[in-house]
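Novice: The structure's right below; bear with me while I get my questions together.
The values are calculated or read from the model by the stated rules, or taken from the named source; none is laboratory data. Computed from a predicted model, the values in this text were never measured in an experiment. Cβ coordinates were reconstructed from backbone atoms using ideal geometry, including for glycine residues, and neighbour counts include every protein chain displayed.
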Amino acid sequence: MTSAASFPRKYAVTVYGATGFTGKLCVEYLAQHPQGDAFNWAVAGRSTQKLQALKQQYNLPSNVGILRAENSTDDVNSSGLKEMVQQSAVILNLVGPYELNGSFRLAKLCAELGTSYTDLSGESKFNARLQSELDETAKKSGSIIIPSVGYDSIPLDVTAYLGARRVRELAAKKSIDLAELQVKAGNSCMGGFSGGTFASMKEMAGGWQLKPAKPLAIADACSEKAPEKCTSAVITPNATWIAPFKTWGTINPLGIHNARVAYHSARLVDGSSSTETYGPNFNVVDCVIPPGMTSLPWPIAFLFAHIIASITKMVLLVIDRSQMVRNFVTRFMPTGSGPSRKVQEAGFLDLRALAVGYPAKSQQKPVASVARWLIKDADPGYKMTSRLAVEVSLFLALATGEATQPDKVKGMTRGVRTVASLGDEALATLLKRLKEFVGISVEVTDWNEGGLGKKLLGAGGNKEKL
């Protein structure tokens, strides 16, 4: 087992925003982690008094540090940030909304000082800014910056990659030249909602564009001259047939950001390899399967999908246009609130991503695979997300530490990354951790049951580089 002394920094992981709703879930999980005696970690936030109370509440051992750090968009109102970053191998930032609360400043310090950084951002504009402004700095310092390491957006990102990779393998075996690779993902889930999530949704409200459009990858830099590169629409059709569930999926509001992350992985993976995994004609659709939908006859499910999509669009439009509605919801769902323990324990997530490769030659048949992400007895937005965030952060600390560490992973690319773009060895190691410690099962199987749908672009279609 790795000794705490082998880490180049005092703390392997520092949980910044530890006294918030999700922060406490992360602290609770870390306090009970099976590898807890292998590393030192810390809790951080604005109030030393609250952090001390938190440490007492969870009976945290003496090797858990307390770091007071206050973040802001300016130097005058920020203190302790640099000291926190210098002492930590990885900063897990849970203080959202991220753009509003000056998290770019914290990520920039991490990139400059060689500290890795993770967060739970669901804000595409914030992620795009990290990529465009911090990637080169992080590469030079050896830092790895990975935003969106929870339900947003790891399950879709990972399953889209694994499905695409398997489709390429099948196509190569059959000597098929693919014209397009398409991923249709449906997720059936049960869970709760928190004030923090709604606060992030308010920040994203300007990006909820309600017309279907092929998105630009997050890697496209945001700028005043091209703001559409931050908010290009990624909306599923009102109803999408999800073959592995044998029913219709409908709009997933969270899928807007998740799809952008998957497109970003496509750019990073294909851009760093001589062989294509996704290809220039890669498309992804992220849907939700409402409860009970799989038991309905398909015509009724199709109708319900359209009704739910219309309601969802209306709600998003109201959130976008009405400050009064946003204030009303915030009043009854303040930041720091969240689902009960009972709701968290009763939740689940079953995501099935069907990857289909369409041949350039019409006489050849498509090849397909299904990548499935499954977790039971865990609300995906909070219990699963908090554990995902901790495990990704611990993985980065273990995998990029001293050479004597048994968990070290060779060849990991530094910079602003996604989980799917870390490399096959790193991804396999991380998925092994998730299965062992969190109970997340990820499987890939070949698909031969039909229901593949039509090509979105067609042979020789949009050749825009991802």
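Novice: Quick check on this structure: which one of Phe328, Phe348, Phe304 is farther than 30 Å from Ala172 by Cα, within 22 Å of the chain's Cα centre (by Cα) and among the aromatic types (Phe, Trp, Tyr)? It would help to see each step written out before you state the result.
Specialist: Working: Phe328 fails: within 22 Å of the chain's Cα centre (by Cα); Phe304 fails: within 22 Å of the chain's Cα centre (by Cα).
Selected residue: Phe348, the only one of Phe328, Phe348, Phe304 that is farther than 30 Å from Ala172 by Cα, within 22 Å of the chain's Cα centre (by Cα) and among the aromatic types (Phe, Trp, Tyr).
Novice: Next up: Conditions first: (1) at pLDDT 90 or above; (2) more than 16 Å from Ala355 (Cα to Cα). Ala266 passes all but one, so which condition is the exception?
Specialist: The single condition Ala266 does not satisfy is (2).
Novice: Return the residues of the stretch 141-155 that are over 15 Å from Arg417 (Cβ atoms) and either touching a Cys at 6+ places or on another chain (Cβ under 8 Å) or assigned to a helix (DSSP H, G or I) (or both); say none if nothing qualifies. Give the derivation first.
Specialist: First, pick out the residues of the stretch 141-155 that are over 15 Å from Arg417 (Cβ atoms): 150-152, 155.
Selection gives Pro155 alone.
Novice: Moving to a separate point now. Can you tell me which residue in the stretch 442-455 is modelled with the lowest pLDDT, limited to those that are surrounded by fewer than 16 Cβ atoms within 10 Å (Cβ to Cβ) and out of contact with any Lys or Arg (no Cβ under 6 Å at 6 or more places or on another chain)?
Specialist: Taking the candidates together, the pick is Lys454.
Novice: With a cut-off of at least 2 residues that are of a type in the set (A, V, I, L, M) and in contact with a Phe, Trp or Tyr (Cβ under 6 Å, 6 or more places away or on another chain), name the helices (runs of 4 or more DSSP H) lying wholly within the stretch 295-379. Full working, then the answer.
Specialist: Details: elements: 298-321, 323-332, 341-346.
The qualifying helices (runs of 4 or more DSSP H) are 298-321.
Novice: Every residue in the stretch 123-150 that is closer than 21 Å to Asn252 by Cα and in contact with a strand residue (DSSP E or B) (Cβ under 8 Å, 6 or more places away or on another chain), please.
Specialist: Pro147, Ser148, Val149
Novice: Same structure again: Can you name the residue in the stretch 1-39 that is in contact with an Asp or Glu (Cβ under 8 Å, 6 or more places away or on another chain) and buried (at least 19 other Cβ atoms within 10 Å of the Cβ) and, of all such residues, is modelled with the lowest pLDDT?
Specialist: So, considering only residues that are in contact with an Asp or Glu (Cβ under 8 Å, 6 or more places away or on another chain) and buried (at least 19 other Cβ atoms within 10 Å of the Cβ), the one modelled with the lowest pLDDT is Thr2.
Novice: Checking Lys108 against (1) in contact with a Phe, Trp or Tyr (Cβ under 8 Å, 6 or more places away or on another chain); (2) modelled with pLDDT of 95 or more; (3) of a type outside the set (Asp, Glu), which single condition isn't satisfied?
Specialist: Among (1) in contact with a Phe, Trp or Tyr (Cβ under 8 Å, 6 or more places away or on another chain); (2) modelled with pLDDT of 95 or more; (3) of a type outside the set (Asp, Glu), the lone unmet condition for Lys108 is (1).
Novice: Assuming Gly96 fulfils every condition listed in (1) within 17 Å of the chain's Cα centre (by Cα); (2) within 20 Å of Pro8 (Cα to Cα); (3) modelled with pLDDT under 95 apart from one, which condition is it?
Specialist: (2)
Novice: Before we move on, is Leu109 of a type in the set (A, V, I, L, M) and surrounded by fewer than 24 Cβ atoms within 10 Å (Cβ to Cβ)?
Specialist: yes
Novice: Here's another thing I want to ask about it. Working only within the stretch 353-377, note down all residues that are farther than 23 Å from Lys173 by Cβ and crowded, with 24+ Cβ neighbours inside 10 Å. First the steps, then the outcome.
Specialist: From the stretch 353-377, those farther than 23 Å from Lys173 by Cβ are 373-377; that's our starting set.
Within the stretch 353-377, Trp373, Ile375 meet the criteria.
Novice: Considering only residues that are in contact (Cβ under 8 Å) with a residue 12 or more places away in the chain and not in a strand (DSSP E or B), which ones fall in the stretch 276-294? Steps first, please.
Specialist: Within the stretch 276-294, the first condition is being in contact (Cβ under 8 Å) with a residue 12 or more places away in the chain, and the residues that meet it are 276-291, 293-294.
Answer for the stretch 276-294, where residues must be in contact (Cβ under 8 Å) with a residue 12 or more places away in the chain and not in a strand (DSSP E or B): Glu276, Thr277, Tyr278, Gly279, Pro280, Asn281, Ile289, Pro290, Pro291, Met293, Thr294.
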